[in-house]
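A quick write-up on the structure given underneath.
The values are calculated or read from the model by the stated rules, or taken from the named source; none is laboratory data. Computed from a predicted model, the values in this text were never measured in an experiment. Here the Cβ positions follow ideal geometry from the backbone for every residue, glycine too, while neighbour counts run over all protein chains shown. Accessible surface areas use protein heavy atoms only, side chains included; no ligands, DNA or RNA. Shrake-Rupley method; radii C 1.70, N 1.55, O 1.52, S 1.80 Å.
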Amino acid sequence: MQKLVAIKGMNDILPPDSARWEWLEGTVRSLMARYAYRNIRTPIVEPTPLFVRGLGEVTDIVEKEMYSFEDRLNGEQLTLRPEATAGVVRAVVEHSMLYDGGKRLYYMGPMFRHERPQRGRYRQFHQIGAEALGFPGAEADAEIILLAQALWAELGLQNVRLELNSLGQPDERKAHRAALIAHFERHQDALDEDARRRLHSNPLRILDTKNPAMQDIVEAAPKLIDFLGAESLRHFDTVKAILDANGVAWSLNPRLVRGMDYYNLTVFEFVTDQLGSQGTICGGGRYDYLIEQVGGKPAPAVGWALGVERVLELLKEQEVPSPAVAPDAYAIVPDAASLPAVMAALQRLRAQGVSVQMHSPAAGTEGMGSMKSQFKKADASGSRHALIFGPDELARGSVTVKPLRQEGEQLERLLADIPAWAGTLQSLR
Ligand code: ATP
Ligand code: MG
């Protein structure tokens, strides 16, 4: 039969790699708890108009990257989420979550974009995101940036630069937009097809182009930051002052506009030079108009999303080790007749927090297999101990504990006393 394979750009995450994922997720969970961000889980499929309205019609994602389809039963237009902020905002509005004040939320999960697969760019990829909704002040922008910065430190990541910009408010953008259109009109010849199409519908998006041939005219374009009024500048200054007080280095990138239309005021990206052209590991900013856009009562918000695959790639690039995963013990069972007694003992060990891998013979093996082959498996499992359930031991109501990777003598332990000695098998976790 023809072999079935995964869809291009969609990856299986297998052991032992999956342990790195779990380690990253665990680190995120513990950090989010320390900043009092609570977990939110929203559906992977949402109504298409949510993204069209939320992200903006003239964006890369909505124009060409969405996996959209029609519900066969009722003809509803649906989309696999390309990002999670729009869905989080929908949920926040739908459940009136801001009725008693702001909320700090985080999520993790798969996102879908129909892009050309390459290193750091996949069609199913994963994001972890943080959103602070209902808080207008610069302290919320700063906090969420500090949270990301703390995550890099916690993971042991280095060489991550923070780039900042401010997109100001809609009226300030209007003035900039006119100047921007005039600039690009003067350089019509240098514009690619996307840019020409967006010139009047969404000229700001042109600044976000990935076309190297256009970098020069983008570089020379009028800068939004020069169009900001006093209040926007004050907000931005406060964010920068808090970052400075925390020793967070940043640089101003006046061309940083982000890929979605929903941003205003502070926008930021964490970038590295170590991942080639997919160098942005995390991006975010303030989006004070999205909640209203999605049908809610106007409320401010700020957030970011990081690309899990890119962060893991960078960790690998920098050879950051994650905690090893190996069982505390491997159960060696010479005689299949002892399985009922052995497995009852293993259950009690596990209830005490010991991780135990059971020996299961491969297909075609006679009985449980030779002691030699069982020890070989115990060794390959990385276990720190072998638990030898020989008939003699079992007759005495005990098991032999043999250290496999460290000095120490072999000991016989009474099964009736498991709670008393189980702890000696456990390494620090
Ligand atoms: P890029 O400019 O690289 O396309 P983006 O601006 O489209 O990124 P965002 O929508 O801001 O990305 O998503 C936040 C983060 O998610 C990115 O910084 C990146 O780390 C990650 N990301 C985005 N698209 C992909 C993808 N197709 N595959 C893997 N990671 C991705
Ligand atoms: Mg993109």
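On the phi < 0 side of the Ramachandran plot and not in a loop (DSSP other than H, G, I, E, B): is that true of GLU46 in this structure?
Details: on the phi < 0 side of the Ramachandran plot: yes; not in a loop (DSSP other than H, G, I, E, B): yes.
Here the answer is yes, as GLU46 does meet what is asked.
Assigned by TED's automatic domain parsing to the domain that holds VAL160, more than 16 Å from ligand 1 (Cβ to nearest atom) and within 21 Å of LYS174 (Cα to Cα): does that describe LEU265?
Values: assigned by TED's automatic domain parsing to the domain that holds VAL160: yes; more than 16 Å from ligand 1 (Cβ to nearest atom): yes; within 21 Å of LYS174 (Cα to Cα): yes.
Yes, satisfied.
Any idea how many residues of the stretch 268-306 are over 21 Å from the mean Cα position of the chain (by Cα) and within 13 Å of ligand 1 (Cβ to nearest atom)?
First pass over the stretch 268-306, keeping only residues over 21 Å from the mean Cα position of the chain (by Cα): 288-300.
Right, trim to within 13 Å of ligand 1 (Cβ to nearest atom) and you get none.
Total meeting the criteria: 0.
Select from the stretch 404-423 the residues that are open to solvent by 30 Å² or more (accessible area, probe 1.4 Å) and either in contact (Cβ under 8 Å) with a residue 12 or more places away in the chain or not assigned by TED's automatic domain parsing to the domain that holds VAL342 (or both) and list them in ascending order. Break it down stepwise before answering.
Step one: list which residues in the stretch 404-423 are open to solvent by 30 Å² or more (accessible area, probe 1.4 Å), which gives 404-414, 416-417, 419-420, 423.
Passing the criteria: LEU404, ARG405, GLN406, GLU412, ARG413, LEU414, ALA416, PRO419, GLY423.
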inquiry  = Taking the criterion of being within 24 Å of the chain's Cα centre (by Cα), surrounded by 22 or more Cβ atoms within 10 Å (Cβ to Cβ), farther than 17 Å from ALA132 by Cα and in contact (Cβ under 8 Å) with a residue 40 or more places away in the chain, would at least one residue in the stretch 223-236 satisfy it?
reply    = no
ask   = Taking HIS183, is it within 16 Å of ligand 2 (Cβ to nearest atom) and at pLDDT 95 or above?
value = no
query = Can you pull out the residues in the stretch 58-88 that are away from ligand 2 (no atom under 16 Å from the Cβ), assigned to a loop (DSSP other than H, G, I, E, B) and of a type outside the set (Gly, Ala, Ser)?
reply = ASP71, ARG72, LEU73, ASN74, GLU76
request  = For ILE225, state whether it is among the aliphatic types (A, V, I, L, M) and touching a Gly at 6+ places or on another chain (Cβ under 9 Å).
outcome  = yes
message = What's the number of the only condition in (1) touching a Phe, Trp or Tyr at 6+ places or on another chain (Cβ under 7 Å); (2) of a type outside the set (Lys, Arg); (3) open to solvent by less than 10 Å² (accessible area, probe 1.4 Å) that HIS114 fails to meet?
response = (3)
ask   = In the stretch 284-299, how many residues are surrounded by fewer than 21 Cβ atoms within 10 Å (Cβ to Cβ) and under 21 Å from ILE128 (Cα atoms)?
value = 1
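Against the definition (under 25 Å from ASP288 (Cα atoms) and among the charged types (D, E, K, R)), how does GLU57 come out, yes or no?
Details: under 25 Å from ASP288 (Cα atoms): yes; among the charged types (D, E, K, R): yes.
It is true that GLU57 is under 25 Å from ASP288 (Cα atoms) and among the charged types (D, E, K, R).
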task = State all residues of the stretch 21-43 that are in a loop (DSSP other than H, G, I, E, B) and in contact with a Phe, Trp or Tyr (Cβ under 6 Å, 6 or more places away or on another chain); if no residue qualifies, say none.
result = TYR37, ILE40
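Condition (residue is within 16 Å of ligand 2 (Cβ to nearest atom), open to solvent by less than 20 Å² (accessible area, probe 1.4 Å) and closer than 22 Å to ILE13 by Cβ) applied to the stretch 89-111: is it met by at least one residue?
Initially, the stretch 89-111 is screened for residues within 16 Å of ligand 2 (Cβ to nearest atom), giving 110-111.
Checking the rest, the ones that are also open to solvent by less than 20 Å² (accessible area, probe 1.4 Å) come to 111.
From the residues that got through so far, the ones that are closer than 22 Å to ILE13 by Cβ too are 111.
So far as the stretch 89-111 goes, yes, one or more of its residues are within 16 Å of ligand 2 (Cβ to nearest atom), open to solvent by less than 20 Å² (accessible area, probe 1.4 Å) and closer than 22 Å to ILE13 by Cβ.
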request  = Those residues that are open to solvent by 10 Å² or more (accessible area, probe 1.4 Å) and among the hydroxyl-bearing types (Ser, Thr, Tyr), I need them from the stretch 255-271; list them, please.
outcome  = TYR262, TYR263
note = When GLY168 is run through (1) touching a helix residue (DSSP H, G or I) at 6+ places or on another chain (Cβ under 9 Å); (2) in contact (Cβ under 8 Å) with a residue 60 or more places away in the chain; (3) surrounded by fewer than 16 Cβ atoms within 10 Å (Cβ to Cβ), the failure sits at (3)
message = Name the single residue that is surrounded by the most Cβ atoms within 10 Å (Cβ to Cβ) among those in the stretch 63-88 being more than 23 Å from MET108 (Cβ to Cβ) and touching an Asp or Glu at 6+ places or on another chain (Cβ under 9 Å).
response = GLU63
task = Go through the residues of the stretch 70-81 one by one and say whether even a single one is polar (S, T, N, Q) and closer than 23 Å to GLY285 by Cα.
result = no
Unique match (being at pLDDT below 95 and either closer than 27 Å to GLU25 by Cα or assigned by TED's automatic domain parsing to the domain that holds TRP23 (or both)) among ALA241, ALA324 = ALA324
query = When GLU163 is evaluated against the numbered criteria (1) of a type in the set (Asp, Glu); (2) open to solvent by 50 Å² or more (accessible area, probe 1.4 Å); (3) within 26 Å of ARG29 (Cα to Cα); (4) out of contact with any helix residue (DSSP H, G or I) (no Cβ under 6 Å at 6 or more places or on another chain), which criterion, by number, is the only one it fails?
reply = (2)
note = Considering the stretch 117-146, residues that are more than 23 Å from ALA91 (Cα to Cα) and within 16 Å of ligand 1 (Cβ to nearest atom), and then whichever is most open to solvent (accessible area, probe 1.4 Å), we arrive at ARG119
task = Sort out which residues of the stretch 228-269 are on the phi > 0 side of the Ramachandran plot and away from ligand 2 (no atom under 16 Å from the Cβ), and write them in order of number.
result = GLY247, LEU265
